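Report on the structure given below.
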Amino acid sequence: MSYLVVFHHTHRDFSLAELASTLSLARGFLVGSTPDSGSAGCGSAGCGPRGGSSTGSQLRSLANNVSSTHYDCLDAASRLLASSGPQKRGVPYLVDRHAAHQLKARVPDALTPMGAAAPVYYVPFQSEQEAAQAAQRAMLLNTIVDVWGSGASVDEAINSATPHPDALKSHKTFRVDIISHGAQLSRKERMDTIERVVRDTRALDNLTVALSAPDVVVAVVVVDSLTMDLSKTNILPKEEKYMPKRARRRLERMRIASESAGDDSTPTPQEQRQHEEAPRVIHWFVGKVVAESRRNEQVNAVLPVSKRRYIANTSMNAEMACIMSNLGLVKPGSFVCDPYVGTASILLSVSLHGGHTMGFDIDGRVLRGSGKVWAPPEAYDSLSDKERACGKAKGYQESAADRERLARQLGELPLLDESSSGMKLAVSPWINFRDTGLRPPVGLCQGDATRLPFRGNARGLFDAIITDPPYGVRERSRKVEAKDVDRQKYGDNHSVSTSRCEVDEVFEHLLWNAAHLLRVGARLVCFLPVQREDYTPSTRPANVCLELLHDCEDVLQSKFARRLLVYVKRRDPTDEEWTTWLHYRDARARGAAIVQQEKEQQQSR
Amino acid sequence: MKLLTHNMLASTVRGVSQGYPLGIAPGAVTEVHACDFSKEFLVHVFPKLEWSAFVSACASLSLPTMPAEVTPASWEDESFLRQMHHNLLEVHVQEGTLICPESGRQFPVSKGIPNMLLNEDEI
């Protein structure tokens, strides 16, 4: 059954990719063991799924019968596992029942002239329940509507409305909401529209109005292309995005006028109006709200960067981090790694979705934090505007007097003592987890992402790798470069120096890490910085073991963008591929001749 | 650093073949941070563990001993699960040193963050 999905933005690639992911999360998970994925050569134990097939099929049938959440599946799996004995290592983990990464979304016919800018799509769902589940985690989705009727005007939409007889059967109260994309409706127009819906929709006759907590919400969706079809890209360029709507419209009018009228003749108002109206698409939909986004209560209330005590220059915003976590199909129990963890913004979102997390960063200072004591978020409110204005908004304590005053203001809230040791005290990534009450990472380690310090048989360890590698613009990419160190001179006091790591190399390592560390069927989600002019699909990083699922552009500046890439691991690398890669990696780090020499030495031994 | 993290880390110094498991030097400072108990997660993570390395890590931190072998009956044993949860997820090594079993290279742990970065001549 197709429902109309209304998105917040005209962020087409992102919106659809995210919906596809949340839908496949909602569709439940098949619990079972995947086919043996050639994990030979990665050690003796613990290198991923190797299930007993009988357990696998039992689990699978169980999962198919249980039309329930992953928790039930996990529970069932753990019971089965316990009964069959864990030595078999029949690993119950969750794989998608449907490979639904390609969403069958369709732009409503009337909106096809809008092309990529259309903010609404018809998407087939199996049931209302499924639609509601898919909407639950999606960040870019606004509302899902069961459309009763549509048309070029509100009258047409209402007159063509034919609600399913059962649609309102068990409901007693209703409310009408107007969701407009681009259309500028005055208060009077809105009221008229609502009145007309109430008057002319037969199905609503037996229901009474309730503005708060009604049984059913009737939605009027109006899409007006006038202010929307500004750009050929998915997202409006920054400058236009932040323009007031009126200014944008004026700009658009001027553009249309200059395009059609040529350079030297100014169009008459009549001509201008014609051109204005010609490409304009305006379309109305009336229907019942099936599901609404819960991003405000779920994410925006909990995770905004502005409420965090520990952030850095380029901390990922909560919304995007949640989108990434959705695209990585994170669910309770998932084990997720971020090799460029920074202030752990992405891991916060993963943790919000129930995942267990691990992070690496080459800069230990960012992980260990400053050691300075910052006030808890509650303290923000108790500070005066003046104090906020002079930079004390975060409660940074400069003197004993300040500290005392703050302690008074905070009342019972414990002030942390700088002198004692331990992560409780340092302002570090941990503090954000503690403030939000989310599960802290399993581990944060200082390590070089080009040489992650995992044991040799770590293949298949993670259920997702979600990361935002440094772009080399605001954050430098660093690696440890192989060279000789004068031990005599420095002794134990030598501190490691790092050198620049080009974006290409970063991604080469990231993709190979994913090919090694992910389980088969798991996803790698990462941002790739690109020059928009130079970018083509052929310049995209690729790996033999990974398949690209999504590629979404997020425009940062007119010439510079980042692209969100989502890969799925299809198979383990073969021994030959893996050793070739390691050899290549070492050869690049230390010089081909040296590596060859070492190899020969080893062989002769 | 939780023991779950320790269970996954290895020394990747040049010339070292396994570099696993990393020894925990005596005198490590540990703290206990409570963490929600979840049997599901233990079941989920168990296949990814190197059990023997976990057992020896518990011993070197003088934590309550874990059995050398996990049997199906263990999964019904609440006290075993609680103990495993405590040792694996609640005990943090705050200050200490990890030692590569082959090369003897020491990796410092400070403020709970192990520094696994290699020197330039160890790559």
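The values are calculated or read from the model by the stated rules, or taken from the named source; none is laboratory data. Bear in mind that the values here come from a model prediction, so they are computed numbers and not experimental data. Positions of Cβ are backbone-derived with ideal geometry, glycine not excepted, and every protein chain shown enters the neighbour counts. Calculation scope for accessible area: heavy atoms of the full protein, side chains included, ligands and nucleic acids excluded. Shrake-Rupley method; radii C 1.70, N 1.55, O 1.52, S 1.80 Å.
Go through the residues of segment A:285-307 one by one and say whether even a single one is within 16 Å of A:Leu347 (Cα to Cα) and aromatic (Phe, Trp, Tyr).
Checked against the condition, which is being within 16 Å of A:Leu347 (Cα to Cα) and aromatic (Phe, Trp, Tyr), segment A:285-307 yields no hits at all.
Against the condition within 26 Å of A:Cys322 (Cβ to Cβ) and of a type in the set (S, T, N, Q), how does A:Ser127 come out, does it pass?
yes
Please state which one of A:Ser334, A:Ser293, A:Ser345, A:Ser315 is touching a strand residue (DSSP E or B) at 6+ places or on another chain (Cβ under 6 Å), more than 13 Å from chain B (Cβ to nearest Cβ) and among the polar types (S, T, N, Q).
Criteria check complete, one pass: A:Ser293.
Looking at (1) modelled with pLDDT of 90 or more; (2) at the interface with another protein chain (Cβ under 10 Å from one of its Cβ atoms); (3) in contact with a Phe, Trp or Tyr (Cβ under 6 Å, 6 or more places away or on another chain), find the lone condition where B:His85 falls short.
(2)
Within segment B:69-76, identify whether any single residue is open to solvent by 20 Å² or more (accessible area, probe 1.4 Å) and within 7 Å of chain A (Cβ to nearest Cβ), and answer yes or no.
yes
Here's a check for you: in segment A:172-195, which residue that is open to solvent by 50 Å² or more (accessible area, probe 1.4 Å) and in contact with a Leu (Cβ under 7 Å, 6 or more places away or on another chain) is modelled with the highest pLDDT?
Filtering segment A:172-195 for residues that are open to solvent by 50 Å² or more (accessible area, probe 1.4 Å) and in contact with a Leu (Cβ under 7 Å, 6 or more places away or on another chain), the one modelled with the highest pLDDT comes out as A:Arg175.
What's the number of the only condition in (1) surrounded by fewer than 19 Cβ atoms within 10 Å (Cβ to Cβ); (2) under 27 Å from A:Ala118 (Cβ atoms) that A:Val221 fails to meet?
Among (1) surrounded by fewer than 19 Cβ atoms within 10 Å (Cβ to Cβ); (2) under 27 Å from A:Ala118 (Cβ atoms), the lone unmet condition for A:Val221 is (1).
Looking at (1) surrounded by fewer than 24 Cβ atoms within 10 Å (Cβ to Cβ); (2) in a loop (DSSP other than H, G, I, E, B); (3) at pLDDT 80 or above, can you tell me which one A:Thr343 breaks?
(1)
Which residues, counting only those in segment A:549-588, are in contact (Cβ under 8 Å) with a residue 60 or more places away in the chain, open to solvent by less than 30 Å² (accessible area, probe 1.4 Å) and among the aliphatic types (A, V, I, L, M)?
Result: A:Leu549, A:Val555, A:Leu564, A:Val566, A:Val568.
Determine whether B:Phe80 is touching a residue at least 40 places away in the same chain (Cβ under 8 Å), more than 7 Å from every other protein chain (Cβ to nearest Cβ) and aromatic (Phe, Trp, Tyr).
No: the conditions fail for B:Phe80.
Filter segment A:447-488 down to residues that are more than 7 Å from chain B (Cβ to nearest Cβ), assigned to a loop (DSSP other than H, G, I, E, B) and either open to solvent by 30 Å² or more (accessible area, probe 1.4 Å) or not small (Gly, Ala, Ser) (or both), then give me how many there are.
Going through segment A:447-488 one residue at a time, the tally reaches 13.
Any residue that is in contact (Cβ under 8 Å) with a residue 24 or more places away in the chain and over 27 Å from A:Leu23 (Cβ atoms) - is there at least one of those in segment A:126-141?
Within segment A:126-141 (the criterion being in contact (Cβ under 8 Å) with a residue 24 or more places away in the chain and over 27 Å from A:Leu23 (Cβ atoms)), the answer is no, since none of the residues qualifies.
For segment A:432-452, name all the residues that are hydrophobic (A, V, I, L, M, F, W, C) and under 22 Å from the mean Cα position of the chain (by Cα).
A:Phe433, A:Leu438, A:Val442, A:Leu444, A:Ala449
Is segment B:25-44 home to any residue that is under 16 Å from A:Leu461 (Cα atoms) and within 14 Å of the chain's Cα centre (by Cα)?
No: segment B:25-44 contains no residue that is under 16 Å from A:Leu461 (Cα atoms) and within 14 Å of the chain's Cα centre (by Cα).
Can you name the helices (runs of 4 or more DSSP H) wholly within segment B:1-64 that have at least 2 residues being open to solvent by less than 20 Å² (accessible area, probe 1.4 Å), more than 9 Å from chain A (Cβ to nearest Cβ) and of a type outside the set (Phe, Trp, Tyr)?
B:51-60
Restricting to segment A:138-156, and then to whatever is over 35 Å from the mean Cα position of the chain (by Cα) and not polar (S, T, N, Q), can you tell me which residue is surrounded by the fewest Cβ atoms within 10 Å (Cβ to Cβ)?
Only one residue fits best here, namely A:Asp155.
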